[in-house]
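Student: Dropping a structure here in structure tokens format, bear with me for questions.
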Amino acid sequence: MFRNSSIIALIALAFAAGCDDKATSTSNNNTNNGVDAGGDASADADSRDPVEQILPSTNARVKFKGGQRWASQLARGLDLERSELCKEFGEYDCAADVHFIALGGVEPYNLRINEPLPNAPLTAPIAADRIALSACGLRAERDAANPADASLFKEIAAAPADEALRAMGNRLYQQLLSRDAQNDELDELVAFWADVEDAGADAASEWATFSCYAVATSTEMLFY
Amino acid sequence: MTFRYFLGLVPLATMFLASAVSAKPAAQTAFCETYPDVPACTPGFVQCTTCHSVAPARNAFGAQLEEQLAPGAARPLSDQAFLDALPGALRAVEGLDADADTYTNLQEFVAGSDPSDATESPASDNACSTVDYRPSGLDVCAFDPVYVYKKVMLDFCGEAPSYAQMKAFEQNPTVDALHSTLDTCVKSEFWLAKDGVLWNMANAKIRPVQAIKSGENEGPIPLADYEDDYNYFVYVTSGDRDARDLLTGDYFVAREDGETTVYTPWQRSPIQDYQARGYGQAQAVARPSRAGMITHRWFLMSNTMFTGIPRTTAAQAYRAYLGFDISKLEGLSDVPGEPKDYDNKGVDRPECAVCHATLDPLTYPFSRYEGIGGGGELGQNYVPFSYNPGRMDRFVGVDGASVADTPQAGVLFGQPVANLKEWASVGANSEPFAQALVGDFWKVLLGEPPRASELQQFENVWRRFMEEHEYRVEPMLHDLMLTEAYGVP
């Protein structure tokens with residue numbers, strides 16, 4: 001079971017991850033923010049102006065990726081086979097079958113649902129949580145079991161240094177959001193360690209799982 | 001027999017759309033004589049919903065207009081009195097603000113927004129023009145190729161670009177590179193395969209029902225195979241093909257699934273198709289009478305079914321391919337002297353004629369195409385789902401003698417047409433066809449219909465689709481990709 005402190009920190013983290021209202025940093029103006037493409041952290045400070053003016057989008061238009069696209073991206077980012085993602089009863093694919101309609105799918109032949117539901121049902125975020133959490137848990141478990149061959153959490157340890165946390169955090173952003181993390185986003189992930197470290201032997205696993213979950217369920221990951 | 005009674009209720013149901021104090025369809029064109037250049041008048045007439053919520057109930061603008069319309073004169077106004085008073089009434093209320101959103105009714109009409117809907121308003125001044133600022137990483141004031149690259153990959157290829165792909169694109173963030181990406185993605189399985197994007201765009205046009213599907217994965221009552229329709233839609237809206245074939249093509253398309261889905265057009269007579277695929281799937285309309293998807297077996301089976309004058313069929317064609325939903329009072333354009341009520345359904349009653357003066361002449365060209373059956377006695381010879389010039393005679397016993405007088409000629413957009421082939425040609429070459437098809441893609445790619453502030457961009461795209469691209473979808477998609485609506489974050 002996950003502790004309350006982890007959940008609270010997680011919620012804060014989820015809002016922080018990929019939700020920077022200054023920019024989503026997918027453009028050619030994107031800066032490296034002190035982390036190289038290989039995922040190594042740098043001590044260089046972010047030079048952004050703290051009083052930078054925010055100009056709202058004139059279009060203000062985002063679309064949900066839909067369960068299938070999001071799940072495929074999640075699997076690729078976590079270096080998992082698509083078929084390894086969440087299955088209800090170990091058999092029915094969560095994104096492609098069980099929660100398909102809730103996550104924006106259509107089924108015209110029998111259900112007569114010709115277009116995605118105009119509004120996401122209550123179960124949509126629950127389904128997304130479930131898929132993300134199981135995928136992140138699987139990645140964390142595999143990387144912990146075989147650090148030498150880890151794909152995401154290479155530096156995972158009982159007491160990882162801040163630099164290790166930043167490297168793993170940046171790799172998460174690169175693999176899931178296809179961009180480098182910004183310094184304040186990495187700061188959040190480093191700070192998150194303090195919330196889980198008293199979990200003892202489970203701390204590393206919790207940090208990896210929930211850091212991943214926060215990025216995987218961020219606005220930037222779910223919408224475009 | 002059950003179907004006959006059921007379908008006989010359709011015109012009756014439409015009676016309840018309007019009361020004896022009905023809307024004035026003539027107002028739709030009269031409005032455009034006063035404001036010919038507003039976007040809503042692009043088809044030559046405005047929608048009933050300009051003044052009505054559901055006719056005869058008026059919306060906020062309609063209520064303001066009614067107060068200025070021959071005040072003091074006895075109601076109901078005659079059509080002529082109504083038309084005489086309308087221009088003055090429109091001018092009288094154009095400076096008012098029906099929905100209290102601070103924009104006058106006229107400003108809203110000019111901008112293409114709804115003066116009765118406070119959630120729609122003319123575009124406010126673009127903040128970008130007054131603020132010299134570009135946030136790092138995302139240009140919200142101009143077309144952003146990197147932002148568009150990610151969207152194109154997701155919309156057309158079905159996958160987000162990887163970190164490496166993003167970095168590579170950022171080295172060369174050009175519009176040419178976007179065009180190249182789009183060219184690649186419109187060949188992807190995500191876009192083209194069964195249950196892909198194009199396939200699913202046809203759902204509302206085809207309205208499949210697995211229980212009555214024939215062919216592969218047939219249902220318990222196999223009547224027709226809608227996969228012919230899906231294959232055809234994907235084929236016509238992809239590659240270098242003329243999308244007007246949706247209504248005018250005289251061929252069919254086979255699909256071969258695999259790592260790369262292959263669509264291949266084919267041409268067979270009904271007999272040849274019967275021999276090749278059997279009765280369950282054979283297309284029964286001979287080549288000279290084919291009119292794209294609206295004469296496909298599934299379309300005739302699922303819409304015409306057993307009816308003599310197949311209004312449901314015409315209404316679905318009008319809705320699916322020309323963008324007008326008559327059940328929502330869209331696309332009404334009275335034909336003088338109509339409806340004649342050849343089948344004695346009572347559609348000439350004033351409250352029914354509001355819609356049927358448009359719908360019935362729209363329907364007559366469909367009347368020679370067989371559905372499942374209907375009319376007459378068992379044993380009478382006819383081929384289901386085929387073209388049959390003498391079809392109406394069979395319905396005399398059901399709908400009365402005058403049903404045999406139902407003409408094959410009809411009227412679409414005020415233009416007389418001799419038969420369904422002409423109907424389809426007029427429809428396919430019309431602005432509403434281009435608007436409807438481009439609008440379908442707009443909704444898929446932007447998640448919603450064009451906003452009021454985007455109507456000019458939308459019009460640019462569909463006009464170029466007609467005039468520059470000769471109705472080919474893929475070049476149109478390149479235009480759409482470059483719009484501000486799609487490309488500005």
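Student: Rank the residues B:VAL354, B:VAL38 as a footprinting-exposure proxy: fewest other Cβ atoms within 10 Å of their Cβ go first.
Tutor: Taking fewest neighbouring Cβ atoms as first place, the list is B:VAL38, B:VAL354.
Student: Per-residue Cβ counts within 10 Å, from other chains only, averaged over A:108-115: what number is that? Show your work: numbers first, answer last.
Tutor: On the way: counts 13, 10, 5, 1, 5, 1, 9, 6.
Averaged over the peptide's residues, the number is 6.
Student: In addition: Checking the a/c ratio against 1.5 first, then a/b against b/c, what shape does the Cα gyration tensor give for segment B:158-315?
Tutor: prolate
Student: If you don't mind, there's one more thing I want to ask. Looking at this model, which pairs from B:LYS328/B:LYS421; B:LYS187/B:LYS443; A:LYS63/A:LYS87; B:LYS151/B:LYS421 are more than 28 angstrom apart at the alpha-carbon?
Tutor: B:LYS151/B:LYS421
Student: Just to check I understand the Karplus step: with θ = phi - 60° and J = 6.51 cos²θ - 1.76 cosθ + 1.60, what whole-Hz values come out for segment B:346-362, glycine and proline as x?
Tutor: For segment B:346-362, the Karplus curve yields x, 6, 8, 4, x, 5, 8, 5, 3, 9, 6, 5, 9, 5, 5, x, 5 Hz.
Student: Hey, what do the phi angles of segment B:404-418 turn into as Karplus ³J(HN,Hα) couplings, whole Hz, using 6.51/-1.76/1.60 and θ = phi - 60°, x for Gly and Pro?
Tutor: 5, 8, 4, x, 7, 6, x, 9, 10, 6, x, 9, x, 10, 7
Student: Taking every Cα atom in the protein assembly as shown, find the radius of gyration and the maximum pairwise distance Dmax, and write them in Å.
Tutor: Rg then Dmax for the protein assembly as shown, in Å: 29.4, 91.
Student: What's the magnitude of the charge dipole for the protein assembly as shown around its Cα centre, counting Lys and Arg as +1 and Asp and Glu as -1 at the beta-carbon? Answer in Debye, nearest 20. Could the numbers behind the result be given before it?
Tutor: On the way: 55 positive and 100 negative charges, 549 e Å.
Roughly 2640 debye for the protein assembly as shown.
Student: Pulled fully out, how much extra length does the chain show between A:ALA194 and A:SER151, if you take 0.36 nm times their separation in residues and subtract their Cα-Cα distance?
Tutor: Result: 13.1 nm gained on full extension.
Student: Next question, about the same structure. Take every residue in peptide B:163-176, count the Cβ atoms of other chains within 10 Å of its Cβ, and give the average of those counts.
Tutor: So the per-residue partner count for this stretch is 3.
Student: Would you grab the residues whose amide H sits under 5 Å from the one on B:ARG58? Only those 5+ places off in sequence or on another chain, please, with H modelled 1.01 Å from N.
Tutor: Close amide H contacts, sequence-distant or interchain: B:SER53.
Student: Among B:ALA100, B:PHE458, B:VAL383, whose Cα projects farthest towards the positive end of the dipole of the protein assembly as shown, with charges put on the beta-carbon of Lys, Arg (+1) and Asp, Glu (-1)?
Tutor: B:VAL383
Student: So for each of B:200-210, A:164-174 I average, over its residues, the number of other beta carbons within 10 Å; can you give me the resulting order with the highest mean first? Before the final figure, lay out the partial values.
Tutor: Details: B:200-210: 19.8, A:164-174: 25.3.
Those peptides, ordered most packed to least, come out A:164-174, B:200-210.
Student: Can you give the extra length, in nm with one decimal, that the chain gains between B:SER78 and B:ASN429 once fully stretched, where that is 0.36 nm per residue apart less the Cα-Cα distance?
Tutor: Between B:SER78 and B:ASN429, full extension yields 122.8 nm more.
Student: Using the Karplus curve 6.51 cos²θ - 1.76 cosθ + 1.60 with θ = phi - 60°, what ³J(HN,Hα) values do you get for each residue of segment B:221-234, in whole Hz, with x for Gly and Pro?
Tutor: Once rounded to whole Hz, the list reads 10, x, 10, 6, 10, 6, 5, 4, 6, 4, 4, 5, 4, 5.
Student: Taking amide hydrogens as modeled 1.01 Å from N in the peptide plane, which residues meet the under 5 Å criterion relative to B:ARG472, leaving out close sequence neighbours?
Tutor: B:ALA243
Student: Just counting partner chain Cβ atoms within 10 Å, what average do the residues of peptide B:187-198 show around their Cβ?
Tutor: Averaged over the peptide's residues, the number is 1.
Student: Something else about it: Answer rounded, prolate or oblate for chain B, using the Cα gyration tensor with square roots of eigenvalues a ≥ b ≥ c: rounded when a/c is under 1.5, else prolate when a/b is larger than b/c, else oblate.
Tutor: It comes out oblate by the Cα gyration axes.
Student: Among B:ALA404, B:PHE61, B:GLN28, flag the residue with its Cα farthest along the positive direction of the charge dipole of chain B, charges on Cβ as +1 for Lys/Arg and -1 for Asp/Glu.
Tutor: The residue sitting farthest along the positive end of the dipole is B:ALA404.
Every read-out reported here was derived from the displayed coordinates using simple, explicitly stated rules and does not represent laboratory data. What you are looking at is a predicted structure, and each value in this text was computed from that prediction instead of being measured. Here the Cβ is made from the backbone with ideal geometry for all residues, glycine too, and neighbour counts use every protein chain on show.
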